[in-house]
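Working notes, beginning with the structure itself.
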Amino acid sequence: MTEKEIIELMVGRIDALNDFWNLYLAVCTGIIGIMASGKVDANGKRLKLFFSLAFLIFAFSNLFGILSLNEFRRSLLELLINLPAVKLVLKPVENYVYIVTHGLMDLIIVLSIWLIKWPQKSK
């Protein structure tokens, strides 16, 4: 594999990482949107439990995908032996940054589901 191909693959993995974050934000927005729409009984415990569990399952799988991509990027970076400047620019952040960021956002979403008094379904 040439250095050019490695860099192209690395940039492709950065795009994939952005896709994971975009999907995450779309799901967060969708859950909050459904809860805030007033079209469902968003204050019912069953719906809150369903959304919480479904979201947490999604969030963990999303985080796992992000961390896997990050490790793959680290592996690719090791192949760029002769390009220290490129390695510095393409160096992925540490996993804990993703874990903390994702975890805080997950906590905000789950707390929002449970603590906000959502609009009642119109009767």
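Out of all the residues in the range 88-113, which are open to solvent by 90 Å² or more (accessible area, probe 1.4 Å), modelled with pLDDT under 95 and of a type outside the set (A, V, I, L, M)? The answer is LYS91, and nothing else. Filtered by the rule that a residue be surrounded by 12 or more Cβ atoms within 10 Å (Cβ to Cβ) and either modelled with pLDDT of 95 or more or of a type in the set (A, V, I, L, M, F, W, C) (or both), the range 1-10 gives ILE6, ILE7, LEU9, MET10. Among the residues of the range 12-23, those that are open to solvent by 60 Å² or more (accessible area, probe 1.4 Å) and either without any contact (Cβ under 8 Å) to a residue 60 or more places away in the chain or in a loop (DSSP other than H, G, I, E, B) (or both) comprise ASP15, ASN18, ASP19, PHE20, ASN22, LEU23. Given the options LEU80, LEU67, name the one that is surrounded by 13 or more Cβ atoms within 10 Å (Cβ to Cβ) and modelled with pLDDT of 95 or more. Of LEU80, LEU67, the one residue that is surrounded by 13 or more Cβ atoms within 10 Å (Cβ to Cβ) and modelled with pLDDT of 95 or more is LEU67. Of all the criteria given as (1) out of contact with any Phe, Trp or Tyr (no Cβ under 6 Å at 6 or more places or on another chain); (2) surrounded by 14 or more Cβ atoms within 10 Å (Cβ to Cβ); (3) part of a helix (DSSP H, G or I), the one not satisfied by ASN62 is (1). Does SER122 qualify as being of a type in the set (Gly, Ala, Ser) and at pLDDT 95 or above? When the stated conditions are applied, SER122 does not pass them.
Does VAL40 meet the test of being surrounded by 12 or more Cβ atoms within 10 Å (Cβ to Cβ), in a loop (DSSP other than H, G, I, E, B) and touching a helix residue (DSSP H, G or I) at 6+ places or on another chain (Cβ under 9 Å)? When the stated conditions are applied, VAL40 passes them. All of ALA54, ALA26, ALA85 fail the test of being farther than 22 Å from LYS121 by Cβ, assigned to a helix (DSSP H, G or I) and modelled with pLDDT of 95 or more, apart from ALA26.
The values are calculated or read from the model by the stated rules, or taken from the named source; none is laboratory data. These numbers were taken from a predicted model, which means no experiment stands behind them. Methodologically, a virtual Cβ is constructed for each residue, glycine included, from the backbone with ideal geometry; neighbour enumeration extends over all protein chains shown. SASA here: full protein model, heavy atoms, side chains in, ligands and nucleic acids out. Shrake-Rupley method; radii C 1.70, N 1.55, O 1.52, S 1.80 Å.
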